[in-house]
Amino acid sequence: MTCDIIIIGAGASGLAAAVEASRAGASVLVLEKNHVPGRKILSTGSGKCNFTNLKVTPASYHPASPAFLKKTFSALPPAEILSFFGKLGLLWVEGEKGRLFPRSLKAQDVVNVLLHELDFLNVPVRTLTEAVSVTADKAGFSVEAVKVRPKWEKSTTAGERTVYRAARVILAAGGACYPQIGGGSGGYGLLASLGHTVSELSPSIVPLRAKGEQLRELDGVRLETALKLVAGGRTRAESAGELLFTSYGVSGPAVLDLSRAALAALREGPAFIEADLMPDYKPAELGKLLRERAAAFAGRAFPHFACGLHNEKVVRAAAARAGITWSSAVPADCPAALTAALRSFTLEVAGSLGFEDAMATAGGCALSEVDPASFASKKVKGLYIAGELLDLDGDSGGYNLHLAWTSGILAGRAAAKK
Ligand SMILES: Cc1cc2nc3c(=O)[nH]c(=O)nc-3n(C[C@H](O)[C@H](O)[C@H](O)COP(=O)(O)OP(=O)(O)OC[C@H]3O[C@@H](n4cnc5c(N)ncnc54)[C@H](O)[C@@H]3O)c2cc1C
C-alpha cells in the first residue's frame with residue numbers, strides 16, 4: 001500500500017498528527033501494535049485524562065529547553081490545543097492547578113473524539129500491526145510491519161509481514177513506560193536505525209524506593225506535605241502536595257513531581273527527601289503549639305499529648321526519630337525534638353519502581369536533531385518525530401499530553417505539505 005504519510009503509533013501524538021495531516025489533504029495510514037488505538041490515553045489521569053493545562057510554559061518541561069519550546073509554542077500557542085479539541089466536540093472542566101479534563105471525566109471520550117474524526121476523514125488505523133523497520137530511499141520510505149497476535153486470540157496469523165510505502169513518515173511510537181499497555185523501546189530503536197541520537201532513558205513521574213526507619217509502620221499513610229530533595233549538601237528541587245508512604249518507599253503527587261530530579265541526583269551520589277509533615281504550620285507556630293501542648297499535658301503519658309495532633313502513625317514515627325519513648329511521660333525537651341522530626345522527616349532515595357510504574361520517559365531523541373516548529377528530522381528528509389520519543393518530558397499536570405498533541409499536530413501539518 002502506498003500513501004502520502006505513514007504514522008507509526010496511534011497514541012496521543014499519532015492520532016493528533018493523523019487528524020491534522022488528513023484535514024490538510026494528505027492520504028494517511030496509521031499503524032498501531034496494540035489491539036486498540038489510544039490505549040495509553042485511556043489510563044491517563046486515573047482514567048479521567050488530564051489532557052492539558054492552562055499554565056503551559058517552557059518551564060514545565062525537562063531538560064530545560066526554553067529556546068526550542070518558545071519556537072514550538074509560537075508555531076502552536078498552547079490555547080490552540082483547546083481549539084483543536086473544541087472543534088472535535090469535546091467539552092472540558094478545570095481541576096486544581098490549571099489541569100483540564102474532559103467534561104465527562106472519561107479518557108475514553110478523548111480517544112473517541114479523535115477516532116470519530118479519523119473515521120469521518122476515512123483515515124485507516126491498522127491495529128495489531130507493529131512497525132519493525134523504517135528505511136529511507138530517494139522516493140520515500142519503506143515501513144516493514146509485522147502482524148501481532150493478541151494473547152487471547154488463537155486464529156489471527158501472527159508474524160505475517162507487510163511492507164508499506166509512503167512519501168513521509170511520522171514516528172509517534174511513544175516512550176518506554178507502562179510496557180503492559182504498549183510502552184517500550186521499539187520506537188527509540190527505529191530512531192537510532194535512522195541515524196538519530198537517543199540519549200539515556202530514565203523513568204520520570206514515578207514512585208520512589210526509599211530507605212529509612214519507620215517506613216514499614218507508615219505504609220498506607222497519606223498526608224499533605226512539603227518536600228525538599230537534598231543532594232550534595234544543597235536543595236535540588238521542592239514540591240508540595242499529597243505524600244503516600246508505602247512498603248517500598250514513597251508515592252503520591254508530591255513525590256511524583258520530585259522523582260525526575262531525585263533519580264538524576266541519585267546517579268551522582270546519595271539523595272535524600274526531607275518531608276515537612278505539618279507544612280500548614282509555620283516553623284514558629286509548630287514550636288509554640290507543641291510547647292503549649294507539653295505544658296497542658298505535663299506529667300501525663302506521651303500518648304495523651306500525641307492524640308489528636310496528627311495521624312497516630314505519623315506521630316509515632318516522628319517521636320521515634322526524636323528519641324521519645326511512646327509509653328513514657330511527656331519529656332521536657334519533647335517540643336524541640338518533635339518539631340525537628342516533624343519538620344524534616346528524612347528518607348534516603350534508593351531508586352524507583354521503574355518504567356512499569358512511570359508516567360513519562362526522560363531522555364530520547366536529541367532536540368538538536370529536530371525542527372521545533374515542524375518536528376521534522378534534521379537528519380532524514382521526510383521523517384517527523386512526535387511525542388514522548390523526544391528528549392523532552394513534562395511535569396505532571398497535563399503537560400506531557402499537551403506536548404504530544406502539540407508535536408503531533410505540528411508534525412501532521414508539516415508532513416502534509418508536498
Ligand atoms: C498511567 C499513566 C498516566 C498518565 N497520565 C497522564 C495525564 O493525566 N496527563 C498527561 O499529560 N500525561 C499523562 N501520561 C503521559 C502520557 O500518556 C504520554 O506522555 C503520552 O501518551 C505520550 O504520547 P505519545 O503519542 O508519544 O505516546 P503514546 O500515547 O504512548 O502512543 C504511542 C503508541 O505507539 C504504539 N507503538 C509503539 N511502537 C509501535 C510500533 N513499532 N508500531 C506500531 N505502533 C507502535 C503504542 O502501542 C502506542 O499506542 C500518563 C502516562 C501513564 C503511563
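Points to keep in mind about this one:
- For the residue pairs K379/K417; K40/K313; K40/K138; K106/K418; K55/K106; K70/K417, the C-alpha atoms sit more than 29 angstrom apart in K40/K313; K40/K138; K106/K418.
- Taking all protein chains together and rolling a 1.4 Å probe, M278 ends up with roughly 10 Å² accessible.
- The gain in end-to-end length when the S74 to S368 segment is fully stretched comes to 104.0 nm, 0.36 nm per residue minus the alpha carbon separation.
- As a fraction of the 1.4 Å probe accessible area of the chain, surface on carbon and sulfur atoms comes out at 53 percent.
- Within the shell of other residues whose beta carbon sits under 11 angstrom from the beta carbon of R413, the net charge comes to +1, with Lys and Arg scored +1 and Asp and Glu -1.
- Solvent-accessible heavy-atom area per residue, rounded to whole Å², over the chain at 1.4 Å: 44 Å²
- Nearest-ten-degree value, helix 283-296 long axis tilted from longest Cα axis of the chain: 40 degrees
- Extension gain from E242 to S46, taking 0.36 nm per residue of separation minus the Cα-Cα distance: 69.0 nm
- Accessible-area ranking of R161, R300, largest first, probe 1.4 Å: R161, R300
- Within the stretch 159-193: backbone nitrogen closer than 16 Å to the T127 label point (7 Å, Cα to C-beta): 181-183
- Kirkwood radius and radius of gyration were both taken over the C-alpha atoms of the chain, and their ratio Rg/Rh is 1.08.
- Y281/A67 FRET efficiency (R0 35 Å; Cβ-Cβ; nearest 0.05): 0.25
- Label point distance in nm, S199-K417, each placed 7 Å from Cα along Cα→Cβ: 2.7 nm
- Residues of type aspartates and glutamates that K147 reaches as a straight line, Cα spacing below 17 Å, ignoring anything fewer than 8 places off in the same chain: E32, E130, E160
- Model label zone, T235; criterion: amide N under 16 Å from point 7 Å along Cα-to-beta-carbon; scope the stretch 278-322: 278-284
- Taking 7 Å steps out from each Cα toward its Cβ at K381 and S104 produces label points 4.5 nm apart.
- Taking a sphere under 12 Å around the Cβ of R39 and counting the other residues whose Cβ falls inside, with K and R at +1 and D and E at -1, yields a net charge of +1.
- Exposure of E238 as accessible area (Å², to 10), given a probe of 1.4 Å and all protein chains: 130 Å²
- Degrees between helix 253-268 axis and first principal axis of the chain (Cα, 0 to 90, nearest 10): 80 degrees
- Straight Cα distances below 14 angstrom link K211 to the aspartates and glutamates D219, E274, E348, with same-chain residues fewer than 8 positions distant left out.
- Placing R222, R39 in order of accessible area, with the largest value first and a 1.4 Å probe, yields R222, R39.
- Estimated FRET transfer efficiency when R0 is 35 angstrom, pair K87-K313 (beta carbons, to 0.05): 0.10
- Pairwise alpha-carbon distances in the stretch 283-343 exceed 13 Å for 54% of all pairs.
- Residue order for D4, D219 - accessible surface, 1.4 angstrom probe, largest first: D219, D4
- Surface accessible to a 1.4 Å probe, K211 within the full protein complex, Å²: 110 Å²
- For A10, the residues whose amide H sits under 5 Å from its own are K33, G38, ignoring neighbours fewer than 5 places away on the same chain, with H placed 1.01 Å from N.
The values are calculated or read from the model by the stated rules, or taken from the named source; none is laboratory data. Every value quoted in this text rests on a predicted model; they were computed, and no experiment measured them. Please note: Cβ atoms are built from the backbone with ideal geometry, for glycine as well, and neighbour counts cover all protein chains shown. We work out accessible area using only protein heavy atoms, side chains counted, and drop any ligands, DNA or RNA first. Shrake-Rupley method; radii C 1.70, N 1.55, O 1.52, S 1.80 Å.
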